[in-house]
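Below is one structure, written out as structure tokens; the observations come after it.
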Amino acid sequence: MKRPEKVCANPKCNDRITDYKSTRRKFCSTPCKNSYHHNKKLEEQEDSIANERAIKRLKRFLKEMQELEIESFKFKRDSYFFDNVVFPSQKLLKLDNGDKLYVIRFDNILINIDEKTNLIKIIKHE
Ligand SMILES: [Zn+2]
């Protein structure tokens, strides 16, 4: 039985796959499949390096803000500065006055992000 024609799932290839046994086949050839997965891995590594750099830059920035005693600032998520930042997960912090606040820790600096206003607050916490 003739199967419907498929296109190779490797975006750099896009060859047509006309003759295949398994319907689950996604790539035109094994080398093509391997190269796709290899490239994907490289891209993921580049993303995580970019994220690491962005986090480092952010930590430096937060430290400066703290030294200047700037307590909060607004940020643009799609700005160059924050574009590559994948924020670490938030943790619930109990403040001295009993209030609870979601914070993200960068070394010894805690911040709170208001998702609605994109306001970053630097939390004073001993
Ligand atoms: Zn291919």
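Using a Gaussian network for the chain with springs between C-alpha atoms less than 10 Å apart, which of these wobbles most: Lys12, Lys56, Lys21?
Checking each option, the largest mean-square fluctuation is seen for Lys21.
At most 15 other Cβ atoms within 10 Å and a DSSP loop assignment: could you name the GluC sites (Glu not before Pro) in the range 59-116 that fit?
Glu69, Glu71, Glu115
What is the angle, in °, between the Cα long axis of helix 30-67 and the longest principal axis of the Cα atoms in the chain? Nearest 10 is fine, range 0 to 90.
Relative to the chain, helix 30-67 is tipped by roughly 10 degrees.
Beyond 29 Å between alpha-carbons counts as too far, so tell me which of Lys59/Lys116; Lys63/Lys94; Lys40/Lys63; Lys33/Lys76; Lys26/Lys56 fall in that bin.
Numbers: Lys59/Lys116 22 Å; Lys63/Lys94 22 Å; Lys40/Lys63 35 Å; Lys33/Lys76 38 Å; Lys26/Lys56 39 Å.
Flagged as over cut-off: Lys40/Lys63; Lys33/Lys76; Lys26/Lys56.
Please state the relative contact order of the chain as a whole percent: Cα pairs under 8 Å, 6+ residues apart?
Details: 131 pairs, mean separation 21.0, N = 126.
It rounds to 17 percent for the chain.
Please work out the Cα center distance from the range 67-82 to the range 32-63, rounded to the nearest Å.
Comparing the Cα centres of the range 67-82 and the range 32-63, I get a distance of 22 Å.
Mean-square fluctuation check for the chain, GNM, Cα pairs under 10 Å: which of Asn84, Asn97, Asn108 is largest?
Fluctuation is largest for Asn97.
Which semi-axes, in whole Å and largest first, does the equivalent ellipsoid of the chain have when worked out from the alpha carbon gyration tensor as the square roots of 5 times its eigenvalues?
Values: eigenvalues 461, 50, 30 Å².
Gyration-tensor ellipsoid for the chain: 48, 16, 12 Å.
No value in this document is a laboratory result; all are computed from the given coordinates. Note that the coordinates shown come from a computational prediction; the quantities given were computed from them, not determined experimentally. Cβ: placed from backbone, ideal geometry, glycine included. Neighbour counts: every protein chain shown.
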